[in-house]
Amino acid sequence: MRNNVLIIIKKELARFFGDRRLMLSAVLLPGIMIYVMYTFMGDALSGMLNTDESYKYTISVVNMPESFSAMAGNLNADFTVIGADEIEARKIAVSEKKEDLLVLFPENFDALVAAYDTKSGEKAPQVSLYYNTTRTESTTIVNTMTEMLDAYESSLANKFDINAGGENYNLATEKDTSGFMFSSMLPMLLMIFLFTGCMAIAPESIAGEKERGTIATMLITPVKRSELVMGKIIALAIVALLSGASSTVGTLLSLPKMTGAIDGASAAFYSPADYIMLAAVILSTVLLFVSIISIISAFAKTIKEAQTSVAPLMIVVVLIGITGLFTGKSQSGAAYYLIPVYNSVQSMVGIFSFEASMPYIIITVAVNLILSTVCGFVLTKMFNSEKIMFNK
Amino acid sequence: MPDIIRVTGLNKSFKLSAKQQKLENTKEKVIHAVNNLSFTADKGEIFGLLGPNGAGKTTTLRMLATLIKPDSGDALLDGASIANQPELVRAKIGFLTSELKLEEFFTPDYLYDFFCALHGIDPAVRNARKKEIFNKFGINEFAGVKVANLSTGMKQKTSLAISLVHDPGIIIFDEPTNGLDVITAKVVTEYLIELRSRGKTIIVSTHIFSLVEKICDRVGIIIKGNMTACGTLDQIRAGKSLEDRFFDIYSETVGTI
């Protein structure tokens with residue numbers, strides 16, 4: 001009788017892999033779209049935050065002191081020394097993005113600084129920098145200028161230095177960096193991709209067959225309803241996994257662009273045992289998703305109705321996925337791993353942060369498999385119900 | 001001849017939704033589709049269920065095919081109970097109705113092999129049967145074409161071939177010639193007669209008098225879910241045409257036409 005399950009799986013997969021449009025939309029497109037989207041977003045963000053190195057900044061300076069002239073010589077900028085009467089016009093130029101920066105020094109800045117006593121309680125000489133945050137070049141040069149002036153100020157009364165030894169003071173290892181980066185983002189993204197993959201195919205396979213009347217043709221064969229359900233769920237899980245894998249590959253390829261290529265972050269730190277645990281969690285999660293969506297689809301009369309009914313679940317999955325975002329640490333306590341979906345997120349966080357606990361992973365997989373089996377029984381009952389299967 | 005189909009006291013009712021009540025123009029919340037229906041069919045005979053639309057013919061056949069369950073009563077099909085052994089019943093029957101559709105993505109050739117596999121048919125036997133039935137219905141010409149691209153007649157021929165993949169002893173056809181062109185209808189009708197000659201027991205539901213007169217050995221007339229007359233074709237006709245007798249019985253049962 002197991003043979004019937006295999007026959008149904010083969011037919012479902014033949015249906016899927018034979019349909020180029022379905023294959024493209026459910027497996028290839030998610031990965032490609034994610035890669036293109038995230039890469040584009042990464043490039044766009046990078047473009048917003050970084051300026052062209054050959055760019056020459058336009059800076060107007062009032063009362064330019066000699067000390068500053070010496071420092072500013074290293075900057076790739078055109079300095080224009082202006083008088084006090086031009087200040088308002090130059091402010092407008094910065095506001096209109098025609099110039100990048102306006103620097104106002106008080107008259108005799110160097111002398112004022114030299115004469116200033118920090119213990120006097122008097123107000124220190126003021127330097128004003130006028131810039132425009134909506135222009136990347138303006139933001140970049142004001143930051144550079146602030147750092148330069150801070151350094152100059154420190155050099156005037158240097159009492160102590162911080163991290164001036166040139167060593168690597170960040171004690172996080174590359175493995176820690178990888179763990180934090182992957183555990184911060186991937187669990188939520190994976191859950192969304194896996195659910196989306198299931199959502200793309202399960203309504204078509206269950207509600208679609210009801211809608212088209214082809215499920216009845218299967219129901220008059222000697223195949224047991226439980227075999228039909230099992231065959232469909234396993235086939236759907238295989239396709240959903242492919243869809244999830246495509247999305248994950250797309251994410252991994254585009255992640256360096258998104259995160260600005262975090263130094264040292266690499267998937268190579270994960271051991272085969274980590275990958276096996278991850279595969280077990282993903283597989284059991286997909287089975288659960290497919291089973292739940294199949295039940296909802298069996299209630300629906302049309303594919304559209306099924307998709308509409310499943311949509312709110314997507315929000316729940318996203319919300320649960322967010323709980324694992326940027327925590328970098330999984331929950332401890334077995335009770336957390338008894339909660340479906342949440343247990344998968346926490347297990348993934350644990351695996352990606354190298355802190356996975358085997359008992360928690362086992363509880364997660366067991367809970368998911370038990371619930372999938374229960375859903376399978378429910379679905380079998382539904383396939384036996386003429387009211388559900390033939391109610392149009 | 002031994003009866004291979006024995007239907008005993010079948011009952012089936014459906015709850016009506018408010019929308020259905022409106023459509024049916026009734027205030028009744030439950031509709032009794034089949035009432036205490038009993039009949040037998042012998043091996044090697046064609047039994048015709050004749051009745052107007054909504055009489056309960058299709059509901060009866062769907063119960064016999066185990067697609068839906070009777071509220072009470074049972075039927076034994078070659079000894080298998082529809083109430084208790086639905087999978088065994090499905091292995092013994094071939095069921096064809098316009099309600100059953102073929103997956104449009106696949107070809108007749110693929111679907112034939114798929115349903116053979118579900119029935120556990122040996123590949124050698126499958127190939128021999130496929131060759132025979134595909135030749136008979138001219139399916140070879142479109143065996144490799146997706147169902148989506150087939151005409152209604154081609155689809156009906158394919159459905160017929162698929163319903164018989166396991167060479168069942170009992171064949172249940174709901175409106176077998178409905179929607180077919182005259183040529184395909186003739187091919188199907190002649191094939192039913194051929195199947196009878198091979199010892200198959202066939203139940204057909206129809207409201208076409210000429211089809212019943214042409215192929216049926218015995219007839220059951222269903223009106224409003226009740227078997228109002230059952231017997232051989234000659235017994236039912238009682239010297240009149242089947243059409244005249246049907247309307248006599250209908251008038252006696254319902255009152256007016």
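Scan region B:65-79 and tell me whether some residue there is within 30 Å of B:ASN135 (Cα to Cα), within 10 Å of chain A (Cβ to nearest Cβ) and buried (at least 17 other Cβ atoms within 10 Å of the Cβ). So far as region B:65-79 goes, yes, one or more of its residues are within 30 Å of B:ASN135 (Cα to Cα), within 10 Å of chain A (Cβ to nearest Cβ) and buried (at least 17 other Cβ atoms within 10 Å of the Cβ). Restricting region B:217-242 to residues that are assigned to a helix (DSSP H, G or I) and more than 21 Å from the chain's Cα centre (by Cα) leaves a set whose member that is surrounded by the most Cβ atoms within 10 Å (Cβ to Cβ) is B:ARG237.
Across region A:213-238, what is the total count of residues that are basic (Lys, Arg) and more than 7 Å from chain B (Cβ to nearest Cβ)?
Of all residues in region A:213-238, those basic (Lys, Arg) come to A:224-225, A:232.
Pick out the ones that are also more than 7 Å from chain B (Cβ to nearest Cβ) and you get A:225, A:232.
Selection size over region A:213-238: 2.
Of the residues making up region B:83-90, at least one is of a type in the set (A, V, I, L, M), closer than 21 Å to B:LYS200 by Cα, within 11 Å of chain A (Cβ to nearest Cβ) and not in a strand (DSSP E or B). Checking the structure you have, find out if any residue of region B:149-163 is assigned to a loop (DSSP other than H, G, I, E, B), of a type in the set (Gly, Ala, Ser), surrounded by fewer than 18 Cβ atoms within 10 Å (Cβ to Cβ) and in contact (Cβ under 8 Å) with a residue 12 or more places away in the chain. No, every residue in region B:149-163 fails to be assigned to a loop (DSSP other than H, G, I, E, B), of a type in the set (Gly, Ala, Ser), surrounded by fewer than 18 Cβ atoms within 10 Å (Cβ to Cβ) and in contact (Cβ under 8 Å) with a residue 12 or more places away in the chain. Count of region B:69-82 residues, restricted to those that are part of a loop (DSSP other than H, G, I, E, B), on the phi > 0 side of the Ramachandran plot and in contact (Cβ under 8 Å) with a residue 24 or more places away in the chain, is 1.
Do the conditions hold for B:LEU102, that is, is it among the aliphatic types (A, V, I, L, M) and either under 23 Å from B:ASN226 (Cβ atoms) or more than 14 Å from chain A (Cβ to nearest Cβ) (or both)?
Details: among the aliphatic types (A, V, I, L, M): yes; either under 23 Å from B:ASN226 (Cβ atoms) or more than 14 Å from chain A (Cβ to nearest Cβ) (or both): no.
So B:LEU102 fails the test.
Just to be sure, is A:ILE351 of a type in the set (Val, Ile, Thr), in contact (Cβ under 8 Å) with a residue 40 or more places away in the chain and either crowded, with 17+ Cβ neighbours inside 10 Å or closer than 30 Å to B:LYS101 by Cβ (or both)? Spell out the reasoning first.
Numbers: of a type in the set (Val, Ile, Thr): yes; in contact (Cβ under 8 Å) with a residue 40 or more places away in the chain: yes; either crowded, with 17+ Cβ neighbours inside 10 Å or closer than 30 Å to B:LYS101 by Cβ (or both): yes.
Criteria met by A:ILE351.
Consider B:THR97 against the criteria (1) at pLDDT 95 or above; (2) within 19 Å of B:LEU195 (Cα to Cα): it satisfies all of them except one. Which criterion is unmet? So the condition that B:THR97 fails would be (1). Is it true that some residue in region A:25-47 is under 38 Å from the mean Cα position of the chain (by Cα) and closer than 24 Å to A:GLU153 by Cα? Checked region A:25-47: no residue is under 38 Å from the mean Cα position of the chain (by Cα) and closer than 24 Å to A:GLU153 by Cα. When the residues of region B:113-169 are filtered to those that are of a type in the set (Phe, Trp, Tyr) and within 14 Å of another protein chain (Cβ to nearest Cβ), the one that is farthest from B:THR201 (Cα to Cα) is B:PHE114.
The values are calculated or read from the model by the stated rules, or taken from the named source; none is laboratory data. In this text the structure is predicted, and so the values were computed from the model without any measurement. Cβ: placed from backbone, ideal geometry, glycine included. Neighbour counts: every protein chain shown.
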